[in-house]
Amino acid sequence: MTPRPAGRAAILLPLAAVVTAMAAFQVSAAFAKSLFPVMGPQGAAALRLTLGAFMLLAISRPWRAWPKDAPWLAVAGLGVSVAAAVGFFYAAISRMPLGVAIALQFVGPLSVAVFGSRRIRDLVWAVLAAAGVWALVGHGAAGAKFDGVGVAYALGAAAGWAGYILCGRVAGGALGQSAAPLSVSIAAAIMLPIGVAHAGAALITPALLPLAAMVALFSAVIPFSLELYAMARMPSRTFAVFTSLEPAFGALSGWVLLHERLALAQMGGIAAVIAAAVGAAWSSAQTTRPLPTPE
């Protein structure tokens, strides 16, 4: 059989998947805010996850190939983590700027990177990413009114993303593409009653359903599928540090779609997180070995 690619080639596709997922997520987050005045962040999160779950189930039909020893505890943990990450993040961006919420949310992936590291070199990329995040949002956040509830929501989203990384590597490795529809379906089952309680009939406002479907596609179907593919093929700490690109994508999408202007310090922050992401990718490529080929 043809051997699988080793070294840098083995990490190229997973890294490309992560970048595409983050870009799709940030674009959708900018558009999702337009749903808040009608159904609130809880309703928007519930509708996004529910529509996303239906799309993923229709596309992948995971029941056709159940593995014999599926890690159902990890799958359940992944679903809970997705619900927490999405629900708390939407609640956070309803109370604070998008860039600030994303930066606080990044505490989750950064914690995974730091606590999962065994080499000084990996810690350097995490520290560089953290410095970049501070430069990226510190200028804009310094003059903003402190919102303790919004900060708590963003840190709740951070915990959700940390759990998403840890559970996603296990579930994605065992279930492949089936992990995305299962986890999003669990998250939708958790968030839908909350969304109904807060938004009621506003969840099925006909004029908003096309926008909600687009948000679901770009914030659930595409990102979760690509990220679970990537997490099964790279170390958790590398995935966590590489997501340092997310604040940069958030700032850029805010600039393009919401007409938010970037300060010089914020542009420096973007450069720093990109450097950290490239460094993490390079470090991962240095330690990646060929996977065993079935005989």
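Data table
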read-out	value
Pair list, Cβ under 7 Å, 6 or more apart: region 203-217 residue in a helix (DSSP H, G or I), other residue at pLDDT below 85 and of a type in the set (S, T, N, Q)	LEU211/SER34; VAL215/SER28
Filter result for ALA141 (modelled with pLDDT under 80 and crowded, with 24+ Cβ neighbours inside 10 Å)	no
Residue match in region 30-39 (condition: modelled with pLDDT of 80 or more, charged (D, E, K, R) and within 21 Å of the chain's Cα centre (by Cα))	no
Selection from region 210-226 of residues that are over 12 Å from ALA44 (Cβ atoms) and at pLDDT 80 or above	PRO210, ALA213, MET214, LEU217, PHE218, ILE222, PRO223, LEU226
Residue that is surrounded by the most Cβ atoms within 10 Å (Cβ to Cβ), among those in region 13-59 that are of a type in the set (Ser, Thr, Tyr) and farther than 17 Å from ALA187 by Cα	SER28
The one condition in (1) assigned to a helix (DSSP H, G or I); (2) of a type outside the set (A, V, I, L, M, F, W, C); (3) closer than 28 Å to ALA113 by Cα; (4) in contact with a Pro (Cβ under 9 Å, 6 or more places away or on another chain) that HIS198 fails to fulfil	(3)
Single unsatisfied condition, GLY99 versus (1) within 22 Å of GLU246 (Cα to Cα); (2) surrounded by 19 or more Cβ atoms within 10 Å (Cβ to Cβ); (3) at pLDDT 75 or above	(3)
Evaluation of GLU260 against (1) at pLDDT below 75; (2) assigned to a helix (DSSP H, G or I) (one fails), failing number	(2)
Hey, TYR229 touching a residue at least 24 places away in the same chain (Cβ under 8 Å), more than 19 Å from GLY40 (Cβ to Cβ) and surrounded by fewer than 24 Cβ atoms within 10 Å (Cβ to Cβ) or not	yes
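The values are calculated or read from the model by the stated rules, or taken from the named source; none is laboratory data. Since this is a predicted model, take the numbers as computed values, not measurements. Quick reminder, even Gly has a Cβ in these numbers, built from the backbone with ideal geometry, and neighbours come from all protein chains shown.
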